[in-house]
Amino acid sequence: MKKYKRHLITSALPYANGPIHIGHLAGVYVPSDIYTRYLRMRGEDVISICGSDEHGVPITLKARREGITPQEVVDRYHELNKKAFSDFGIAFDIYSRTSNKIHYETASGFFRKLYDQGEFVEKTSSQYYDEEAGCFLADRYITGTCPHCGNENAYGDQCEKCGTSLSPTDLISPRSTISGSAPVMRDTLHWYLPLDTYEPWLRKWILEEHTEWKTNVYGQCKSWLDQGLQPRAVSRDLDWGVPVPVEGAEGKVLYVWFDAPIGYISATRELTPDWEKYWKDPETRMIHFIGKDNIVFHCIIFPAMLKAEGSYILPDNVPANEFLNLENDKISTSRNWAVWLHEYLVDFPGKQDSLRYALCASAPETKDNDFTWKEFQARNNNELVAILGNFVNRTLVLTNNYYQGVVPAPGAMSGPDSDTLSAVMECRKNVESNLEAFRFRQALAEAMNLARLGNKYLADTEPWKVIKSDPERVKTIIYISLQITANLAIILEPFLPFSMDKLRGWLGITGLHWDAAGRSDLLAPGHLVSSGELMFSKVEDAEIERQISKLHDTRKANEESEAEATDRKEDVTFEEFTRMDIRTATILEAEKVPKTNKLIRLKVDTGIDVRTIVSGIAGHFTPEELPGKTISVIVNLAPRTIKGIESKGMVLLAEDEQGRLVFMVPEQKIKNGSPVR
RNA sequence: GGCGAGAUAGCUCAGAUGGUUAGAGCGCAUGAUUCAUAAUCAUGAGGUCGAGAGUUCAAUUCUCUCUCUCGCUACCA
C-alpha cells in the first residue's frame with residue numbers, strides 16, 4: 001500500500017431533521033471513530049471531519065409542518081446531535097454545519113469555479129410545479145412511471161426498482177407527493193453536471209484502480225456505471241440553501257447533494273488554515289465513512305465534482321456499511337423505531353462503551369444486521385464484564401494482595417510465559433491487519449482475544465496456588481499478567497475509549513503509542529498500580545425488559561396514531577351521497593386472479609344482475625370461503641379493467657389499522673338488490 | 001408478479017479459485033478451579049452447509065430449476 005503523509009477522514013454528515021440513533025452509530029460513526037483513533041495512536045497526521053447537513057426539502061417541510069423556520073429546525077438537531085456525538089466519544093476534530101457562513105462561501109465558490117470553467121451545462125427546462133402547494137417540486141417529491149422498467153412508483157431522482165438514476169422529467173405520468181395533484185410544467189433555468197462525460201474516467205478510476213473497495217461498494221458502483229450516467233442538475237428552485245452564485249439566479253439554491261459533500265471542505269477550512277494540505281496534496285489519504293444509501297454520492301458524484309474542479313484529491317477508499325435493524329424491524333425516524341443516543345445515555349449512564357462494543361461487534365459490515373437488546377445484554381455481561389473486566393480485575397486484585405499494588409520484578413521466563421508474550425504481539429498484528437482492511441468486527445474480536453489469553457494464562461499458571469510453594473515464580477506470573485493488562489489499554493483504546501481511560505488511570509500510565517503494543521515492559525518493576533473499581537457492570541434483566549417494553553409501547557403508539565391519523569373527509573351534500581348506489585348482494589363464485597397476490601375475481605348477484613367484480617382481498621380470504629356470503633356493493637361505480645378483467649362495482653369492506661378486512665354485511669337476511677342508504 | 005438480499009451447529013453469523021476430519025462466539029453437557037462481578041479454564045455433544053437436477057474424477061462451494069424467508073414494489077376503484 002502506498003505510504004501517505006496524512007489522513008483526512010470524513011463521516012457522513014447527518015441530516016439535521018432528526019436525532020442520531022444506533023443505526024447511524026453502527027454504520028458510520030463507530031467505525032470512523034475507531035479508525036481515526038487507531039491512526040492517531042500510530043502517530044499519523046489525521047483529521048476527522050463531520051457536521052450537520054442542514055439544507056434540502058425535508059427540512060423545509062418539517063419547518064412548515066411545525067410552523068417554525070428551517071433554521072430553527074436545524075438549530076435544534078445540530079445541537080442535539082453534536083452533543084450526542086461528543087457524549088459517545090466520537091473523536092471528530094470538528095463538528096460543523098452547512099448553514100455556516102464559511103460553508104456558504106465554500107460551496108458557492110466551488111460552484112462558481114466550475115461555472116467559470118464551463119463545467120456545467122446550462123439548461124432551461126420545464127420543471128414540475130405544484131400549483132396547490134405553490135412551489136417547484138424536488139425530485140423525490142414526484143413519483144411516476146420509470147421509463148426503463150415501467151415501475152409506476154419511481155421517484156424523480158431514482159427508480160428504486162431498477163436502480164437507474166433519473167431526472168423528474170424522465171417520469172411518465174408524474175404526481176406530486178406533497179399535494180397529490182398532477183404538477184404542471186414551468187420553465188426554469190438550471191445547471192447540470194454532465195456526469196456522462198466523466199463516465200469513462202470514473203470507470204477506470206473505480207473499476208480498474210480501486211478493485212480493493214468493499215464488494216458491496218464496488219458492485220454498486222459497477223451497476224451504476226453499467227447503466228450509464230446522465231447529466232445531473234446541481235441547482236434547485238427553493239428558498240432554503242446556498243444561493244446559486246450567478247446573476248439572475250434568484251430563488252435558486254445549490255442542490256443539497258451538491259452542497260453537502262462540500263460541507264466536508266468547509267468544515268476543514270473552519271478547522272484549520274492548513275486545510276488545503278488535506279484536500280489538495282496527493283500525499284493525503286482521504287477516506288469517506290458512509291452508509292450504503294450514500295454510495296452513489298461519494299463514489300460517483302462527489303468525485304466527479306472534485307475532478308471537474310481540478311485541484312482536489314479523490315477518496316482512496318469509501319468503506320460503506322449496510323443497515324442496522326432494531327429487534328427485527330427497520331429503524332425508522334418517523335415511526336420512532338430506534339434507540340436514540342440521547343435517550344440511551346439517560347437509561348444507561350456511563351455505558352457508552354457497552355453500546356459501542358455491541359454495535360461494533362455486530363456492525364452491518366457485509367449485510368444488514370439486527371440489533372436486539374438481549375444480544376446487547378449478552379455482549380455486555382458475557383464479554384465485557386466476564387472476559388475483559390474480569391481479567392483486569394483479577395490481575396489488579398492479585399497484584400494488590402501479593403505486592404500491595406507494586407509491579408513485581410520478573411524472574412526467568414518459562415515456555416508458557418514467552419509463548420504468551422509472543423501471542424500478545426500476534427494479537428496486535430491481527431488487530432492491525434483487520435483494522436486496515438476496515439474489518440472492524442473481526443478487529444474487535446481479535447482484540448478481545450487478548451483478554452481471553454490473559455484469563456487462560458492465569459488459569460494455566462495458577463498463581464494463587466504457586467504463591468504457597470514458589471512465591472518467586474508468582475512475581476513473573478503477575479508481571480506478565482500486568483503487561484497484558486497494559487497492552488489491553490493500548491489495543492482496545494480505539495474501540496473502548498472510556499474504559500481504557502479508566503484502565504490507564506488504575507495502571508498509572510498515560511496514552512501510549514500504538515507501536516508500544518506487544519511489548520512486555522510497559523509497566524516497570526516498582527511501578528504502583530491501584531486496585532481499581534470494576535470496569536464494567538452487568539446489565540440486569542429488568543433493564544432490558546424495560547427497553548423492550550418501551551419499544552412495544554412505540555409499536556402500539558404507532559398503530560394507534562395510524563388509526564387516529566385518518567382525518568374525516570370533506571363534507572358531501574346529500575345529493576352527492578345519493579348518487580352512490582349501494583345494494584345488498586350475494587357472492588356466487590370466487591377465484592384468484594392468476595399472477596397476482598391480492599386479487600380475487602368475484603361473481604356477484606346484485607339483485608339487478610349477475611356481474612364480475614375484482615377485489616383486492618386475497619390476503620384475507622380464500623376463494624373457497626366466499627361463495628354464499630351476503631355483502632354490500634356499490635353497483636354504479638364506473639367499470640374498470642384490472643389485469644384484463646372488467647370489474648363492475650366495488651365490494652364494501654371495513655379496514656382496521658392493521659389492514660384487516662371485514663365485509664359489510666346486512667344484519668339480517670334481506671333480498672339481493674335492496675338499496676343501502 | 002417484478003427487483004434485491006438471503007437459506008451453513010439450538011441462537012447469531014464466518015468461510016471455502018470445487019479436493020483429506022466445514023469454523024467462531026453465545027447457549028448446552030461434563031470436568032477442573034476459587035485470584036475474580038457464580039466470573040474463569042479445559043473437554044465434549046451437535047451440521048446429509050434449504051430441496052432437486054446438471055457439469056465434474058470430485059460440489060456444501062459452479063450452473064439451472066424449485067421451495068421458503070426478509071426487504072422494496074405492483075395489481076386493491
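The values are calculated or read from the model by the stated rules, or taken from the named source; none is laboratory data. In this text the structure is predicted, and so the values were computed from the model without any measurement. Using ideal geometry, Cβ is built from the backbone for each residue, glycine included, and neighbour counts are taken over all protein chains shown.
Go through the range A:301-332 residue by residue and tally those that are of a type outside the set (Gly, Ala, Ser) and away from RNA strand B (no atom under 16 Å from the Cβ).
Residues that pass the stated criteria total 14.
Looking at the range A:269-297, which of its residues are touching a Pro at 6+ places or on another chain (Cβ under 7 Å) and in a helix (DSSP H, G or I)?
Answer for the range A:269-297, where residues must be touching a Pro at 6+ places or on another chain (Cβ under 7 Å) and in a helix (DSSP H, G or I): just A:Phe297.
Check A:Ile544 against each of (1) in a loop (DSSP other than H, G, I, E, B); (2) modelled with pLDDT of 85 or more; (3) among the β-branched types (Val, Ile, Thr); (4) under 30 Å from A:Glu327 (Cα atoms) and name the one condition it does not meet.
Only one criterion in (1) in a loop (DSSP other than H, G, I, E, B); (2) modelled with pLDDT of 85 or more; (3) among the β-branched types (Val, Ile, Thr); (4) under 30 Å from A:Glu327 (Cα atoms) is unmet by A:Ile544, namely (1).
On the given criteria, is A:Glu426 under 30 Å from A:Asn317 (Cα atoms), within 15 Å of RNA strand B (Cβ to nearest atom) and out of contact with any Pro (no Cβ under 7 Å at 6 or more places or on another chain)?
Judged against the criteria, A:Glu426 is not a match.
Out of the residues in the range A:333-373 meeting the condition of being within 29 Å of A:Leu503 (Cα to Cα) and hydroxyl-bearing (Ser, Thr, Tyr), tell me which one is farthest from RNA strand B (Cβ to nearest atom).
A:Tyr344
Only one of these is farther than 19 Å from A:Lys429 by Cα, hydrophobic (A, V, I, L, M, F, W, C), within 8 Å of RNA strand B (Cβ to nearest atom) and buried (at least 17 other Cβ atoms within 10 Å of the Cβ): A:Leu482, A:Leu458. Name it.
Checking each option against the conditions leaves just A:Leu458.
Would you check which residues across the range A:53-80 are of a type in the set (Val, Ile, Thr) and outside any loop (DSSP other than H, G, I, E, B) and list them?
Hits for the range A:53-80 are A:Val57, A:Ile59, A:Thr60, A:Val73, A:Val74.
Tally time: how many residues in the range A:640-656 are near RNA strand B (Cβ under 7 Å from one of its atoms) and loosely packed, with under 13 Cβ neighbours inside 10 Å?
Summing the residues that are near RNA strand B (Cβ under 7 Å from one of its atoms) and loosely packed, with under 13 Cβ neighbours inside 10 Å in the range A:640-656 gives 2.
Under 20 Å from the mean Cα position of the chain (by Cα), surrounded by fewer than 19 Cβ atoms within 10 Å (Cβ to Cβ) and either at pLDDT 90 or above or closer than 21 Å to A:Asp53 by Cβ (or both) - does that describe any residue in the range A:362-372?
no
Show the residue pairs that are 6+ apart or on different chains and have beta-carbon atoms under 8 Å apart, the first residue being within the range A:527-554 and under 15 Å from A:Asp347 (Cβ atoms), the second being assigned to a helix (DSSP H, G or I) and of a type in the set (Gly, Ala, Ser).
A:Val539/A:Ser354
Among the residues of the range A:594-620, what is the count of those that are more than 8 Å from RNA strand B (Cβ to nearest atom) and modelled with pLDDT of 75 or more?
Of the residues in that region, 13 qualify.
Okay, residues lined up against (1) part of a strand (DSSP E or B); (2) touching a Pro at 6+ places or on another chain (Cβ under 8 Å); (3) closer than 21 Å to A:Lys83 by Cα:
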| site | (1), (2), (3) |
| --- | --- |
| A:His342 | no, yes, yes |
| A:Leu345 | no, no, yes |
| A:Pro349 | no, no, yes |
| A:Ser354 | no, no, yes |
| A:Lys367 | no, no, no |
